[in-house]
1. Among (1) surrounded by 14 or more Cβ atoms within 10 Å (Cβ to Cβ); (2) away from the ligand (no atom under 12 Å from the Cβ), there is one condition residue 69 misses while meeting the rest; what is its number?
2. Residue 77 is checked against (1) closer than 24 Å to residue 115 by Cβ; (2) in a loop (DSSP other than H, G, I, E, B); (3) within 13 Å of the ligand (Cβ to nearest atom) and fails just one. What number does that condition carry?
3. Would you mind telling me which numbered condition in (1) over 20 Å from residue 123 (Cα atoms); (2) at pLDDT below 95 residue 85 fails?
4. Looking at the stretch 80-114 only, could you name the residues that are more than 8 Å from the ligand (Cβ to nearest atom), in contact (Cβ under 8 Å) with a residue 40 or more places away in the chain and assigned to a helix (DSSP H, G or I)?
5. Can you find a residue in the stretch 116-125 that is near the ligand (Cβ under 7 Å from one of its atoms) and in contact with a helix residue (DSSP H, G or I) (Cβ under 8 Å, 6 or more places away or on another chain)?
6. All but one of (1) on the phi < 0 side of the Ramachandran plot; (2) in contact (Cβ under 8 Å) with a residue 24 or more places away in the chain hold for residue 66; state the number of the condition that does not hold.
7. Quick one: what pairs do we get from the stretch 47-58, first residue assigned to a loop (DSSP other than H, G, I, E, B), second within 6 Å of the ligand (Cβ to nearest atom), C-beta under 6 Å, 6+ apart or different chains?
Ligand code: HEM
């Protein structure tokens, strides 16, 4: 019997809809951060111009999801966790980050189950960033 099994080995990057959808999430995330007073403390940690952050977070997420790894080429040796170690991230700002990201993902055309798994994984990173005391150095 002839069988034709099409194995679908898609990366999460492909499953979310690629760079355009990642960019949509990131744009919405920073738009929420800029417009909603609920994220004021988070906004205050960031530089006035969020354009470099929009590009960097989108690039990081592309690579993190298994897509193009340009971000790592552009940031040789940078660990995103260590990059936050000296930032004064506390539970409040971590919660704001997670909440804005959850909303941005929910509004994007991403499968809800996949979106929930993404947010869960990102929340774990944010929680770890908040649990690490600022080194002050
Ligand atoms: C725990 C809550 C978080 C806070 C409060 C926070 C805050 C910040 C701040 C203040 C910056 C520097 C922005 C600037 O210079 O204007 C930054 C950079 C960045 N963050 Fe976060 N962040 C958080 C969580 C995360 C998570 C979970 C990720 C990974 C998905 C992430 C990815 C990045 C990236 C890629 C950059 C840019 C690094 C670069 O281009 O050098 N952040 N973050």
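The values are calculated or read from the model by the stated rules, or taken from the named source; none is laboratory data. As the structure is a prediction and not an experimental result, all values here were calculated from the model. Cβ sites come from the backbone with ideal geometry, for glycine too, and all protein chains shown count toward neighbours.
1. Result: residue 69 passes all but (1).
2. (1)
3. Here residue 85 meets the rest and fails (1).
4. 81, 92, 99, 100, 103, 104, 105, 107, 114
5. The answer is yes; a qualifying residue exists.
6. (1)
7. Listed pairs, sorted by first residue: none to list.
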